[in-house]
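To keep things clear, I will list the structure first and then write my remarks on it.
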Amino acid sequence: MTSLLLILAAASSPGPADSLRAVILERISRDSGATVAVFLSDPVSTLLVAVNPDLRFHAASTMKLPVLLELGRRVDAGEMRWTDSIPVKNSFASIVDRSPYSLDPREDGDTTVYGALGTRLSLLQLAQRMIVRSSNLATNLLIERLDATRVTATIRRLGADSMLVLRGVEDGKAYAQQLNNTTTARDLATLLLALARGRALRPGTTAELLGILEAQEYNDGIPAGLPPATRVAHKTGWITATWHDAALVYPAGDARPYALVILSRGIPEQDRGMALQADIARMAHAVIQNARARMPGRKP
């Protein structure tokens, strides 16, 4: 009878994934009015935690990750080279009626590309500015060259079943008609893991893209909740009251990353949005490290 009770107790006690999900939900509940999605996937320990994983959000600048992946694919296919250049301009066609629109430098996370108007920048330079400083102008120049339809087709092949890349940034007419780039937490994690596992691109191109993502300069979200010097390859995104971060996180001494994606809306203040991301990242990292340490054959 005692043995049976012990077995039943063990079976009913929550595992690390359930426990982590519970504390994440408790933390989310402290941000009144917020809608949050979390997707954590660790291929090493097989730990998986999901909160609203398929809830659709405005993608904000996380759509720049698919643009980067499509650029890498085109380089691998020999259609483009990193050294190819594009004329820098600030006039683009709306997907609604092809009418022209321009970007406002004051609404851009990076202003350096505007300083190159009338000259040419290489695809590599534009890719770096698009990710490292989230340049909207670099993004629109690249997506115009790559074609949003082909970007979406590529991420479908990689397993992102519902993420949509329809257009560049600041297409006001498209926004008014709710023609927006959208994503889910699961889709972004799927893309990051495809890249990390070498399923998306050739090894050299994979290394190039991971290096660009690791050079990200906006690090107040997921990276802020991790131990100092933790490697993080990630892409942030934000619009009004909306804060996203999609990351590959490399635990100390381990070359195998896990994916953590946190999407939120309904939080007006940036510091609150960043604090939520950092707190969830801190909780998740501790559980991942413990789960990996307990795996058979791993040194304590």
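Summary of values
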| item | result |
| --- | --- |
| Selection from the stretch 84-98 of residues that are in contact with a Pro (Cβ under 8 Å, 6 or more places away or on another chain) and in a loop (DSSP other than H, G, I, E, B) | 91, 94 |
| The stretch 31-44, subset at pLDDT 95 or above and either open to solvent by 60 Å² or more (accessible area, probe 1.4 Å) or of a type in the set (Gly, Ala, Ser) (or both), residue nearest to residue 165 (Cα to Cα) | 37 |
| Residue 240 being of a type in the set (Ser, Thr, Tyr) and either touching a helix residue (DSSP H, G or I) at 6+ places or on another chain (Cβ under 9 Å) or within 16 Å of residue 163 (Cβ to Cβ) (or both) | no |
| Flag for residue 206 being open to solvent by less than 20 Å² (accessible area, probe 1.4 Å), out of contact with any Ser or Thr (no Cβ under 8 Å at 6 or more places or on another chain) and at pLDDT 95 or above | yes |
| Residue check for residue 221: in contact with a helix residue (DSSP H, G or I) (Cβ under 7 Å, 6 or more places away or on another chain), small (Gly, Ala, Ser) and open to solvent by less than 10 Å² (accessible area, probe 1.4 Å) | yes |
| Test: residue 111 is among the polar types (S, T, N, Q) and either touching a residue at least 12 places away in the same chain (Cβ under 8 Å) or surrounded by 21 or more Cβ atoms within 10 Å (Cβ to Cβ) (or both) | no |
| Of the criteria (1) more than 15 Å from the chain's Cα centre (by Cα); (2) open to solvent by 30 Å² or more (accessible area, probe 1.4 Å), which one residue 164 fails | (1) |
| Selection count, the stretch 146-175, where residues are part of a helix (DSSP H, G or I), without any contact (Cβ under 8 Å) to a residue 60 or more places away in the chain and farther than 18 Å from residue 201 by Cβ | 3 |
| Filter pass, residue 111 being among the β-branched types (Val, Ile, Thr) and modelled with pLDDT under 95 | yes |
| Residue check, residue 279 charged (D, E, K, R), surrounded by 15 or more Cβ atoms within 10 Å (Cβ to Cβ) and under 17 Å from the mean Cα position of the chain (by Cα) | no |
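The values are calculated or read from the model by the stated rules, or taken from the named source; none is laboratory data. On a predicted model such as this, the values are computed, not experimentally measured, just so you know. Ideal geometry is used to build each Cβ from the backbone, glycine not excepted, and the neighbour counts take in all protein chains shown. Side chains are part of the model used for accessible areas, which takes the heavy atoms of the whole protein and leaves out ligands, DNA and RNA. Shrake-Rupley method; radii C 1.70, N 1.55, O 1.52, S 1.80 Å.
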